[in-house]
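In what follows, a structure is listed as structure tokens, so that the remarks can point back to it.
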Amino acid sequence: MTNFNAALLETAGQYLGLEEYPGAKHNDTVLGFFQAAGHGWVKDDETPWCAAFVGAVLAQVGLPHTGKLNARSYLEY
């Protein structure tokens, strides 16, 4: 995993400042996190997306993710 630390930080850093959109419009990047983490059924950016973000970043660098949407699923990762 140590070999992936730089890639993970670089990939995650690309999303600094990303936010949900207020109202009925939804941020397509956030929705893409859900899709990449295997939860494409989520169609809004109001659903907590921290675990989807981690799962999507892991997938982008070719690592497995927990497949879950709760942040606690990464406690022992």
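The values are calculated or read from the model by the stated rules, or taken from the named source; none is laboratory data. The structure displayed is predicted, hence computed values, not measured ones. With ideal geometry, Cβ positions are generated from the backbone for all residues, glycine too; neighbour counts draw on all protein chains shown. Remember, those area values only see protein heavy atoms, side chains included, never the ligands or the DNA or RNA. Shrake-Rupley method; radii C 1.70, N 1.55, O 1.52, S 1.80 Å.
List of remarks:
- Using C-alpha pairs below 8 Å separated by at least 6 residues, the relative contact order for the chain is 26 percent.
- Computed from the Kirkwood radius of its Cα pairs, the Stokes-Einstein diffusion coefficient for segment 34-77 at 20 °C and 1.002 mPa s stands at 207 µm²/s.
- The residues of the chain expose on average 65 square angstrom of accessible surface per residue, using a 1.4 Å probe on protein heavy atoms.
- The simple spin-label model puts a point 7 Å past each Cα toward its Cβ; for VAL61 and LEU16 those points are separated by 1.6 nm.
- With 0.36 nm allotted per residue and the present C-alpha distance subtracted, the ALA7-THR47 stretch has 11.7 nm of extension available.
- Cα-only Debye scattering, the chain: base-10 log of I(q)/I(0) at q = 0.20 Å⁻¹: -0.85
- Nearest-ten-degree value, helix 50-60 long axis tilted from longest Cα axis of the chain: 50 degrees
- Accessible surface of the chain, 1.4 Å probe, proportion on carbon and sulfur as whole %: 57 percent
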